[in-house]
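This report concerns only the one structure given below.
The values are calculated or read from the model by the stated rules, or taken from the named source; none is laboratory data. Being a predicted model, the structure only gives us computed values, none of them experimental. FYI the Cβ positions are ideal-geometry reconstructions off the backbone, even for glycines, and counts take in every protein chain you see. Quick note on the areas: whole protein, heavy atoms, side chains included, nothing else; ligands and nucleic acids left out. Shrake-Rupley method; radii C 1.70, N 1.55, O 1.52, S 1.80 Å.
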Amino acid sequence: MSSDNTFHYALSSNNAWAGYKAHQNPQFFPKLAGGQSPEILWIGCSDSRCPETTILGMQPGDVFVHRNIANIVSPTDINTTAVIEYAVAHLKVKHVVLCGHSACGGAAGALPDTRVGGVLDTWLLPLKTLRFNHAEELDAITDEKERIVRLAQLNVEAGIKVLMNNATIREAIAERGLEVHGVFFDIGCGRIKELGCGTAHAGKGDHVVRGKHGQLVFGQDGEAEIAAAQ
C-alpha cells in the first residue's frame, strides 16, 4: 500500500469508526465535546506499537497523554512539565503512569558509543548517562535484546524519580493521594508489568487504574490485567 493510499485508508477508517461509535452510543461524541475528566496521565514512548488507549482497552476521554522518544522524563523539559501541571493540577488525574517498552529504539540507540545523529544525540543523553552509570550491569547481559530491555527499565526507574520530585506531583500526593506508577510494556506479548517504583507498595493488594470504559488492575505480582468497568 502506498503512503498516499495509507493516508486515505486512515481517513476512511476514521469515518467508519465515527459512524460505528455514534450508532452504538449517540451521546458518545456530544459528551466528549462537553469536556474531559480523565483519571490517568500516561507518559509513554512515541513508538507506533505502543498506543496507550488501545493497549489499556480504554476509550477517548479516559487517558491524558504525553509521548516522546524513549519516554524520557527530564526536569528541564518544559513540554513534559506543562503536561504534568495541566493533568495533575487542573484535570486532577488520580494516576500518573510512566511506561517504557521492549524493543525500544531509543534504548537501542543509547547503548553503543557511536552517535545517532542530529538532535537525537542531545535528547538521548539521559539514556547515555544511564548506560554509563550502569555499565557493569548492562555489559554483563550477553543478549542484545535483553540489554535493551534492561536499559529501558532503568530509564523508567530514573523517570519515576524525576516525577516523584516534581512539585505539582508531590503536592497532589500529599493533598489527595495521587498515585505514580512505573510500568513496562512487552510488545511481544502485549502485557504491561509494574516495575515496583513510584507510590506503589508491594504486598498491599491490587492497584486499580479506572477509566470510564475499562480499568487496569496491577496485582501483587506486578502483572497488569484489563477488566471492564463496573
Here's a check for you: in the stretch 56-101, which residue that is in a helix (DSSP H, G or I) and farther than 24 Å from Leu124 by Cβ is most open to solvent (accessible area, probe 1.4 Å)? His90
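Pick out the one residue from Ile169, Ile141 that is at negative phi and assigned to a loop (DSSP other than H, G, I, E, B).
Working: Ile169 fails: assigned to a loop (DSSP other than H, G, I, E, B).
Being at negative phi and assigned to a loop (DSSP other than H, G, I, E, B) holds for just one of Ile169, Ile141, which is Ile141.
Do we have Leu130 as touching a residue at least 24 places away in the same chain (Cβ under 8 Å), assigned to a helix (DSSP H, G or I) and under 22 Å from Phe185 (Cα atoms) here?
Working: touching a residue at least 24 places away in the same chain (Cβ under 8 Å): yes; assigned to a helix (DSSP H, G or I): yes; under 22 Å from Phe185 (Cα atoms): yes.
In short, yes.
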How many of the residues in the stretch 115-138 are over 24 Å from the mean Cα position of the chain (by Cα) and open to solvent by less than 90 Å² (accessible area, probe 1.4 Å)? 4
Looking at Ala152, is it assigned to a helix (DSSP H, G or I) and of a type in the set (A, V, I, L, M)? yes
Scanning the stretch 19-55 for residues that are assigned by TED's automatic domain parsing to the domain that holds Val156, out of contact with any strand residue (DSSP E or B) (no Cβ under 6 Å at 6 or more places or on another chain), assigned to a helix (DSSP H, G or I) and open to solvent by less than 40 Å² (accessible area, probe 1.4 Å) gives Ile55
Taking first residues from the stretch 169-193 that are farther than 15 Å from Cys99 by Cβ and second residues anywhere that are modelled with pLDDT of 95 or more and assigned to a strand (DSSP E or B), the pairs with Cβ under 9 Å that are 6 or more apart or on different chains are Ile169/Val96; Ile169/Val180; Ala172/Val96; Ile173/Glu179; Ile173/Val180; Leu178/His95; Leu178/Val96
